[in-house]
């Protein structure tokens, strides 16, 4: 990760960590860089979510792009996967999404995509950071007919909606489906797609006011959708985050299905229909131990990456896998998208329900999630703690104690002097015991500062 750009773009408090000037200069760089690369005015497409500050950044980015002699195409409020799809299929030079995903409204972010709708290469983002910090010569302003133009490209959203309606091969007729749009990017698109497919669609949290995105709703606060599904006798519910690249599901009984359950349901279905390329699903190291036990039972192989959908996609692309994702609901169906797409995830879960003629509660049978305990501990030195012989010995003792009935995991925070100590086992009490044993070894070795 760089100074500004992490695994999912440049993100921070709007107006403080991420300013309009940052957006303008990012636009300046992109307009200049792709103009130099193509030899003519570049075409750069921009989407945004519903945060109040997104409009400010949209204007700043477009001003920067056009002042560098390239053209800015505005999708207006749309989803991150929509920007990815349009960038790829309409042959744009790059795409930009303005969103802080599941964060509160007062945060925002800028996500950059290459011409294939994939996350921007680190080498380009490193050059942008150098420009932001004044470590490059100033980019010349375009003049006269060389100044770029801003194009209203809202029709791109309609093309994306049309694409989504063609993903399932079955009608959703007679299914009662609830959608929690998180007062975010999916607030218009989601209903349009499900209505077009014949569902009886019920939408909640679809009245954005610039400040209520993700506010006690969506994939990070799914309890509202759970209650709505039960009270209104829905067949299923789907909750998205602010930019709709995540999706969690709720079954007809009101039980949550996280990304691990969704990968299990869709992985089994793909395997049954001989569509699971390489018989492999890509997960992160944070997927639940119960998912791996379930995959073992049904003969599905799996690979583990570091946390972040970026790493999941890179593994999938390199090894030609077609299904992967995270527990948080970033699910990638590589046949249909080059990024996590909450709407495609919901459509694929619906496809499995309809073909199997089973409710969601039945489809998740065979996968039992293990209790999990995660504690964050502040240490004096992350690497030193991880390599301490006493800590290594304590981890080994926990692994031997759990055997094939659980696991422990230590993971570094990318931004703080913090280690995340996690255990999964048959009971919460057993998880607590193993986590506390490892933390005790850190304290005895003098590494522990405090438990957060």
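None of the figures in this text is laboratory data; all of them are computed from the coordinates on show. This one's a predicted model, so the numbers in the text were calculated from it and none came from an experiment. Neighbour counts are summed over all protein chains in view; Cβ atoms, including those assigned to glycine, are modelled from backbone coordinates with ideal geometry.
Observations on the model:
- Label-point gap, in nm, between residue 253 and residue 397 - each point 7 angstrom along Cα→Cβ: 3.9 nm
- Counting 0.36 nm for each residue step from residue 200 to residue 317 and taking away their Cα separation leaves a gain of 38.5 nm.
- By the beta-carbon count within 10 Å of each Cβ, the least crowded to most crowded order of 16, 420, fewest first, is 16, 420.
- Global geometry of the chain, whether rounded, prolate or oblate, following the gyration tensor of its Cα atoms and the 1.5 cut on a/c: oblate
- For segment 147-219, relative contact order (Cα pairs under 8 Å, six or more residues apart, normalised by length) works out to 33 percent.
- Only beta bridges with both residues in the chain are counted; by DSSP, about 55 percent of them are antiparallel.
- Here is how the number arises for the chain: DSSP H runs of 4 or more residues each give -39500 (n - 2.57), the sum is divided by the residue count, and the result at 222 nm is -11500 deg cm²/dmol.
- Linear extension gain, residue 211 paired with residue 38, 0.36 nm per residue minus alpha-carbon span: 58.4 nm
- Ranked by how many other Cβ atoms sit within 10 Å of their own Cβ, fewest first, the residues 131, 34 fall in the order 131, 34.
- Segment 11-25 and segment 317-352: distance between their alpha carbon centers, rounded to Å: 30 Å
- Modelled FRET efficiency - R0 22 Å, residue 174 with residue 368, Cβ distances, 0.05 increments: 0.10
- The residues 176, 407, 170, when put in order of fewest to most other Cβ atoms within 10 Å, stand as 170, 176, 407.
- Global geometry of segment 5-155, whether rounded, prolate or oblate, following the gyration tensor of its Cα atoms and the 1.5 cut on a/c: rounded
- Inter-centroid distance (Cα atoms) of segment 79-114 relative to segment 26-68, Å: 12 Å
- Taking 0.36 nm per residue of separation and subtracting the Cα-Cα distance, full extension of the segment from residue 428 to residue 278 would add 50.5 nm.
- Prolate/oblate/rounded label for segment 166-363 (Cα gyration tensor, a/c 1.5): prolate
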